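Participant: Structure provided below as structure tokens; questions to follow.
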Amino acid sequence: MRHVEIRPLALERLAPLLEPERRLRLRRLIEQARTLLGGRVVWNISSTAQGGGVAEMLQTLIAYARGAGVDARWLVLRGAPDFFAITKRVHNALHGDGGDGGPLGELEHRRYQDVLDDNLIAIMNEVRAGDIVLLHDPQTAGLARGLAAAGLHVVWRSHIGRDAPNARTEEGWAFLRPYLEHANAFIFSRADYPPPWIDPRCTWIIPPSIDPFITKNVELAPEQVRDILRIAHLCQGHASAKPVQFPRRDGRCETMRHHHGLLVDNVPAPPLEARLVVQVSRWDRLKDMAGVMRAFADHIGELPDDVHLMLAGPEVSGVSDDPEGAQVLAECISAWRALPPAAHARIHLACLAMDDVDENALIVNALQRHACTVVQKSLVEGFGLTVTEAMWKARPVVASAVGGIQDQITDGENGLLVRDPADLDAFAAALRRTVDDAALAARLGGAARERVRDEFLGDRHLIQYLDLFGELLGASAAA
């Protein structure tokens, strides 16, 4: 079990982005949080501190909670590869996917529980009765019983789900049910996600959020974007002599390093003046990077010659809780190498270094801002944080109409949705619309940024958390 140290951030820094009434509500939130949670610790427990949307979101929410005077802390599980293979199997099942095809039987239950029992021993040295604990995703569900028995208020949050259950989702929920029955409350990103055996009175629907001020989303001038991509060798051209400075989460300012070898096979980077279509995500089959590549390659003759595609994911050894990443990346590389020369030259696979998460975030920020269109062709998606990030940067987004993406994008208003994520022709047609029609792309991008400001910033997220905590503690006092 590992502590993740988080520096407090003032929630008030969101105020300039908000309307007056919302700013007032934010100030009330800070006062109410201090009163309600004084003397308690709000614990978050997750499977990793980097490499995914959950970790990024916790970095921000915990920092803001601490800045508001709440004692919020973060613990990360320790687990062996076989444990994460089991939890990845459950993760895929909740998405309705067979994953690696392995079982979720008695042996898997025993191994899963053994690892979490070992973690629970370490956790019990930290927590105390009356604290609140947020357990994130399948990796942590087995902690619920022990923590509830110790007198903590246990909330389990699922960041994944599927709108239409199938046999796989039922298998995944059956695996988790014995553990989750001990939780006091549940959080899902969409109302369609909870299984029927979870009491609706204990269920909260709280979509994720982003922070506009972290390195991944902070405003960058066009010349900064160009220099970042040149220094990372993700676009051709010489960087200016001026070094690129970026803010770290701990408040320090750092100089960006020069990177080499981020592009697979060290192929030539796209020209800086090329129009770049970008998907940023994990190397996960459900993100369908291979499908994006096929759609682009199959329709490359219909796209202007200056349009290139970049699929950017993490360097797979830097993501500890996703054992499938290396295999998916290898499959994508193999398919990419087999493309005809014309497509091969205009499609680029990038593995972004994870040894410095702040610098990684800076590069992602520049890629999304440089993109003419950001795509997210997920087969299923609990909630697309990369979609929200691109929308905040006023990029036109083309995405699958699956899961939480449907709550983020209204088709034709602030992005374009493809109803069937397996329909490569429809995906390519939507992409061409944003490439061919500059006015449409600008209109979608502008509306997208406003949508994020209205619905997906941290103040809304924390207000919903506080409402949940208030009800939990009120119910406890009444009992």
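Only the coordinates and a few stated rules stand behind these numbers; no lab work does. None of these values were measured; they are calculated from a predicted model. Glycine gets a Cβ as well: all are built from the backbone with ideal geometry, and neighbour counts include every protein chain shown.
Participant: Cut-off is 10 Å between beta-carbons; in what order do HIS461, HIS95 appear when sorted fewest neighbours first? Let's see the in-between values first.
Facilitator: Working: HIS461 20, HIS95 26.
Final ranking by Cβ density, sparse to dense: HIS461, HIS95.
Participant: Another question, then. Assuming 0.36 nm per residue, please report the length gained on full extension of the stretch GLU12 to ALA326 beyond their Cα-Cα distance.
Facilitator: Values: separation 314, 0.36 × 314 = 113.04 nm, distance 4.10 nm.
Computed gain between GLU12 and ALA326 is 108.9 nm.
Participant: Okay, moving on. Counting other Cβ atoms within 10 Å of each Cβ, which trypsin sites (Lys or Arg not before Pro) in the range 1-80 have at most 16 and sit in a DSSP loop? Spell out each step's value before the answer.
Facilitator: Values: sites: ARG2, ARG13, ARG22, ARG23, ARG25, ARG27, ARG28, ARG34, ARG40, ARG66, ARG73, ARG78; in loops: ARG40, ARG78.
Answer by residue number: ARG78.
Participant: Could I ask something else about it? Length gain on complete extension for the stretch GLU413 to LEU107, per 0.36 nm per residue less the alpha carbon to alpha carbon distance? If you can, show how the numbers build up before the last one.
Facilitator: Values: separation 306, 0.36 × 306 = 110.16 nm, distance 4.92 nm.
Full extension of this stretch gives 105.2 nm more.
Participant: Let me ask something additional. Quick check of the Kirkwood formula: for the range 124-197, what is the inverse mean of 1/r over all pairs of different Cα atoms, in Å?
Facilitator: On the way: mean 1/r = 0.0779 Å⁻¹.
One decimal place: 12.8 Å for the Kirkwood radius.
Participant: Same structure, new question: Taking the number of other C-beta atoms within 10 Å as the exposure measure, put CYS202, CYS332 in order starting with the fewest. Spell out each step's value before the answer.
Facilitator: Working: CYS202 16, CYS332 20.
With the fewest neighbours first, CYS202, CYS332 line up as CYS202, CYS332.
Participant: Give the angle, between 0 and 90 degrees and rounded to the nearest 10, that separates the Cα long axis of helix 458-478 from the longest principal axis of the Cα atoms of the chain.
Facilitator: Around 20 degrees separate the two axes.
Participant: Can you sort THR255, THR169 from fewest to most other Cβ atoms within 10 Å of each residue's own Cβ? Walk me through the numbers before you get to the answer.
Facilitator: Working: THR255 10, THR169 19.
Neighbour counts put them in this order, fewest first: THR255, THR169.
Participant: Something else: Considering only DSSP beta bridges where both residues belong to the range 222-455, give the percentage that are antiparallel (nearest 5).
Facilitator: Details: 4 of 25 bridges.
If I count the DSSP bridges inside the range 222-455, around 15 percent turn out antiparallel.
Participant: I would also like to ask the following. May I ask for the percentage of alpha-carbon pairs in the range 339-468 that lie more than 20 Å from each other?
Facilitator: Values: 4275 of 8385 pairs.
Of all Cα-Cα distances in the range 339-468, 51 percent exceed 20 Å.
Participant: Okay, next question. Against the globular-protein guess of 2.2 N^0.38 Å, express the Cα radius of gyration of the range 215-263 as a ratio, rounded to two decimals.
Facilitator: Dividing the Cα radius of gyration by 2.2 N^0.38 Å gives 1.15.
Participant: Consider just the alpha-carbon atoms of the range 34-113 and return their Rg together with their Dmax, both in angstrom.
Facilitator: In order Rg, Dmax, the Cα atoms of the range 34-113 give 16.5, 49 Å.
Participant: Nearest 20 debye, what's the magnitude of the dipole of the chain about its Cα centre given +1 on Lys and Arg Cβ and -1 on Asp and Glu Cβ?
Facilitator: Here the chain has a charge dipole of around 1060 debye.
Participant: I've got another one for you. Per DSSP helix of 4 or more residues, -39500 (n - 2.57); summed, then divided by the residues of the chain. What does that give at 222 nm, rounded to the nearest 500? Don't skip to the end; give the middle numbers.
Facilitator: On the way: 16 runs with 201 residues, N = 479.
After summing the helix terms and dividing by residue count, I get -13000 deg cm²/dmol.
Participant: Which loop GluC sites (Glu not before Pro) in the range 1-64, with loop taken from DSSP, have no more than 16 other Cβ atoms within 10 angstrom of their Cβ? Before the final figure, lay out each step's value.
Facilitator: Values: sites: GLU5, GLU12, GLU21, GLU31, GLU56; in loops: GLU5.
Here the GluC sites (Glu not before Pro) that fit, given the DSSP loop and packing criteria, are GLU5.
Participant: Looking at the range 104-140, which trypsin sites (Lys or Arg not before Pro) are DSSP coil and have at most 13 other C-beta atoms within 10 Å of their C-beta? Write out the running numbers ahead of the final one.
Facilitator: Values: sites: ARG110, ARG111, ARG128; in loops: ARG128.
Counting only loop positions with at most 13 other Cβ atoms within 10 Å, the trypsin sites (Lys or Arg not before Pro) in the range 104-140 are ARG128.
Participant: Next up: Between the helical axis of 167-180 and the dominant principal axis of the chain, each derived from Cα atoms, what acute angle in degrees is found, rounded to the nearest 10?
Facilitator: Taking the Cα atoms of the chain, the angle to 167-180 is about 40 degrees.
Participant: As I understand it, the value is the acute angle between the Cα axis of helix 438-455 and the longest principal axis of the Cα atoms of the chain; what does it come to in degrees, rounded to 10?
Facilitator: 10 degrees
Participant: Distance between Cα centroids, the range 63-141 to the range 168-212: provide it in whole Å.
Facilitator: If we compute the Cα centre of each part, the gap is 14 Å.
Participant: Mind putting together the pair-distance distribution for the range 222-455? All Cα pairs, 5 Å bins, whole percent per bin, short to long.
Facilitator: Computed distribution, short to long bins: 1, 7, 15, 19, 21, 18, 13, 6, 1, 0.
Participant: If a/c stays under 1.5 just call it rounded; otherwise compare a/b with b/c (prolate if a/b is bigger, oblate if not). Do that for the range 129-258, with a ≥ b ≥ c from the square roots of the Cα gyration tensor eigenvalues. Kindly include the intermediate steps, with their values, before the conclusion.
Facilitator: Details: a/c = 3.40, a/b = 2.29, b/c = 1.49.
Here the range 129-258 falls in the prolate category.
Participant: Which number comes out as Rg/Rh for the range 241-329 once both Rg and the Kirkwood Rh are worked out on C-alpha atoms?
Facilitator: On the way: Rg = 16.2 Å, Rh = 15.8 Å.
Using only Cα positions, Rg/Rh for the range 241-329 is 1.03.
Participant: Then there's this: How big is the Cα convex hull of the chain in projection, averaged over all directions, in nm²?
Facilitator: Details: hull surface 86.0 nm².
Taking a quarter of the hull surface, the average projection is 21.5 nm².
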